[in-house]
Amino acid sequence: MTDASYVDWCDKVRGELIDSGAFLTVSDTGAKLQWIDHVAEVMVQANTCGACGAELTMGHKFCGNCGALISSAQSEKRDAAVWGLRLVGEDGSDGPLFEVSDKETSLGRRSTSVQLDDASVSPRHATISWEGQGLVLQDVGSTNGTYLRVRDKAMLSPGDVFHVGEQFLRFDEPPELPHLDGTTRPEFGGTPPRAWKFRLTQLLLDETSGSVHCSLRSTMTIGRVDCDVSFPHDVYLTAEHCRIERKEYSYHLVDMKSRNGTFIRLKGPALLDEGELFLVGRQLLRVEAL
């Protein structure tokens, strides 16, 4: 497949996704277009021969152009084969395996396809469904949120919450300071604000704010010891667990190959792949191809 035909195919799939009304639940236009692009690319790659790049015929085990064997991973994505969710124990051991429906699988504490007996899980917490040929995870208004593990890095927006070790941290950028022109009544006096780049606020169990960390630089490291923000008593944190960094006009949350992972709270649908890990309340689940 030539580069031009590949681009044309991606554009065709994007158009079909938009016409189908996919991701109408995403309110942010930029996020919606980003997800449509991502799903379109995955769908195209899943239907492309890894050896020669030719388009694959649905259901065939070999490429019609070069004769190469179609990989099992491609077959599973293209043919919507059975997927499962593996509950992972606190010690990392494998727990029960739940089969994913080819329509929609609901997760929650009761009256759902996958029932998780945990007080941190809402009665109906999240859903997994097929969008095109992709497996999509979405929170459905749960109290404690659904968190997806960051494989490498994830873009941060003001108000985003992420989970490391036992810590829940909210990312915020500085508010605009009021301009005092002599006619505006000054606010109550206090410590003058400094020109910080961003701040992290620790979220406590009673939904109040804990410690607040303002960064005067464009980067911040987070971990158990010797970091810009350290939590020395959190045994689930790696020494240097993750960092926040600014790249051009956006901030990113970067996992530093931590032992227990870095998780970010979902604000919209997330495309899942084999091996993906996510948190529903305190319950950790892994996506498996059966």
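For this structure, a couple of remarks:
- Applying the set (1) at pLDDT below 95; (2) in contact with a Lys or Arg (Cβ under 7 Å, 6 or more places away or on another chain); (3) more than 30 Å from Gly108 (Cα to Cα) to Ser250 leaves exactly one unmet item: (2).
- Qualifying residue in the range 207-214 (condition: touching a Phe, Trp or Tyr at 6+ places or on another chain (Cβ under 8 Å) and open to solvent by less than 80 Å² (accessible area, probe 1.4 Å)): yes
- Boolean, Arg151 is modelled with pLDDT of 95 or more, of a type in the set (Lys, Arg), under 30 Å from Leu253 (Cβ atoms) and surrounded by 12 or more Cβ atoms within 10 Å (Cβ to Cβ): no
Matching residues to (1) open to solvent by less than 50 Å² (accessible area, probe 1.4 Å); (2) out of contact with any Lys or Arg (no Cβ under 7 Å at 6 or more places or on another chain); (3) closer than 23 Å to Glu207 by Cβ:
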residue	(1), (2), (3)
Asp91	no, yes, no
Asp94	no, no, no
Ser113	no, yes, no
Ala119	no, yes, yes
Arg124	no, yes, yes
Thr127	yes, yes, no
Glu131	no, yes, no
Val136	yes, yes, no
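- Candidates are the residues of the range 161-184 that are charged (D, E, K, R) and at pLDDT 65 or above; the one that is farthest from the chain's Cα centre (by Cα) is Glu176.
- Pairing each residue of the range 148-167 that is free of Cβ contacts under 8 Å to residues at least 24 places away in the same chain with any residue that is open to solvent by 70 Å² or more (accessible area, probe 1.4 Å), provided the two are 6+ apart or on different chains, yields C-beta distances under 6 Å for Pro158/Glu173.
The values are calculated or read from the model by the stated rules, or taken from the named source; none is laboratory data. These numbers come from a predicted model, not from an experiment. Neighbour counts are summed over all protein chains in view; Cβ atoms, including those assigned to glycine, are modelled from backbone coordinates with ideal geometry. SASA here: full protein model, heavy atoms, side chains in, ligands and nucleic acids out. Shrake-Rupley method; radii C 1.70, N 1.55, O 1.52, S 1.80 Å.
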